[in-house]
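Any read-out appearing in this document is the output of simple, stated calculations on the displayed coordinates, not a laboratory observation. Because the structure is a prediction, the values reported are computed rather than measured. So basically every Cβ, Gly included, is an ideal-geometry build from the backbone, and we count neighbours across all protein chains shown.
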Amino acid sequence: MRKFGRPHLILKIMLLTLVVTVSYGEVPYGSELSTVREINKASISLEIEPGVVTKELSLTVSEAQTGSTIDITDASGKKVSSHTLEAGTTKAKIDVSKLASGSYFVIYTDGSSRASKIFVKQ
């Protein structure tokens, strides 16, 4: 039986990958896809409907601050769409009719806080 040495090195590499992924704002693989992620303990909310979309995605967010954004990324983390919300906005509609069929993430960034949800484009 062969022993695999240096398991602590593998753990360090995995942790380094996680830090890089989070610091660049990409969606890490294996994360909870249907939950709101909160960063820096700020309370923000993001709700989307429907979960399966053909033309238009409806969003409800906590009251947007100046500079709040909605980004849509594909399953690999590549940004395919970006929208800036006006201050005070709580509802938005995004045309997704030109996106290819597949799974996408909606990422709402408000100041230093971020929330994400997944939807399926048919």
**Asked** In whole Hz, what ³J(HN,Hα) sequence does the stretch 45-56 give by Karplus (6.51, -1.76, 1.60; θ = phi - 60°), x for Gly and Pro?
**Response** 9, 9, 10, 10, 7, x, x, 10, 10, 10, 10, 9
**Asked** Cα-based count: Lys pairs in the stretch 32-121 below 16 Å, eight or more positions apart or different chains?
**Response** 13
**Asked** Where the Cα atoms of the stretch 32-121 are projected onto their three principal axes, how long is each span, largest first, in whole Å?
**Response** 33, 25, 20
**Asked** What is the stretch 32-121's relative contact order, in percent, from Cα pairs under 8 angstrom and six or more apart in sequence?
**Response** 38
**Fill in**
Within the under-9-Å Cβ sphere about Ala64, not counting Ala64, Lys/Arg +1 and Asp/Glu -1 give a net charge of -3
**Asked** What's the FRET efficiency of Lys78 with Lys55 using the Cβ-Cβ distance as r and R₀ = 35 Å, to the nearest 0.05?
**Response** 0.95
**Prompt:** Which whole-Hz couplings ³J(HN,Hα) result when phi for each residue of the stretch 57-68 is put into the Karplus expression 6.51 cos²θ - 1.76 cosθ + 1.60, θ = phi - 60°, listed in order with x for Gly and Pro?
**Reply:** 9, 9, 10, 10, 10, 5, 3, 5, 8, 4, x, 5
